Amino acid sequence: MRGPKEKKERRIGERLNLKADRCQSPKCAMVRKPYQPGAHGPTGRRRALSEFGVQLREKQKVKISYGLDERNLRQLFVSAQKTKGSSSSKLVELLERRLDNVIMKLGLAASRNIARQLVVHGHVLVNKKKVWSPGFSVKAGDLINIKPGSESKLFFEKRREVLAKYEPPAWLHLDAGKLEGKVLSLPQESSVPFEASLLIESFSK
């Protein structure tokens, strides 16, 4: 799906937090224009989706939310299939363990896209070592923090104000004062707003 981020949300019909804090304000496109983009959007109705259509929408939702393309997502699917137990649970775990996602879930960035930029620009350390890949997979016990020297930047000073009232998911621990987080356990399937089983079905065909 190409085009501006908010058009992608409107096409799917769900808020995906692609525009960070804007998505929680009245400026959000899903609030101002709660219909599909295009000339017939305001008056048209969303068509009932077939089983394949539902699976495709779920796949698009995941790709847009996590900033992945088809190849990246298929690689994660293949890895999930190779492990014992539920493939859908493993796929969720692999998606949620991505470093850019963990940074967002810790509240150190307002969206995955912003978190991705922080990683690429060298502001993030994992276990005291700089990591440049947004797709780096964290594990239980890993310590994530902002690089010394970057903490004083205006961006992070403003995030401190947000973090003072922020509560991360149960599988993560946040020390707001230190701009530091820790992975307490691996994420569970219930922690994501999409149906992983539908995603598995779409790849299995």
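Read the figures in this text as sums done on the coordinates, not as results from a lab. Because the structure is predicted, anything quoted here is derived from the model rather than measured. Glycine gets a Cβ as well: all are built from the backbone with ideal geometry, and neighbour counts include every protein chain shown.
What the table shows:
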quantity	calculated
Sorted by Cβ density within 10 Å, fewest first, the residues Leu198, Leu108	Leu198, Leu108
Residues Phe77, Phe155, sorted so that the one with the fewest Cβ neighbours within 10 Å comes first	Phe155, Phe77
Glu180 long-range amide H proximity, modeled H, under 5 Å	Asp175
Prolate/oblate/rounded label for region 98-183 (Cα gyration tensor, a/c 1.5)	rounded
Protection proxy ranking, peptides 131-141, 117-127, average beta carbon neighbours within 10 Å, highest first	117-127, 131-141
Segment His121-Lys84, extension gain: residue separation times 0.36 nm, minus the distance between their alpha carbons	9.7 nm
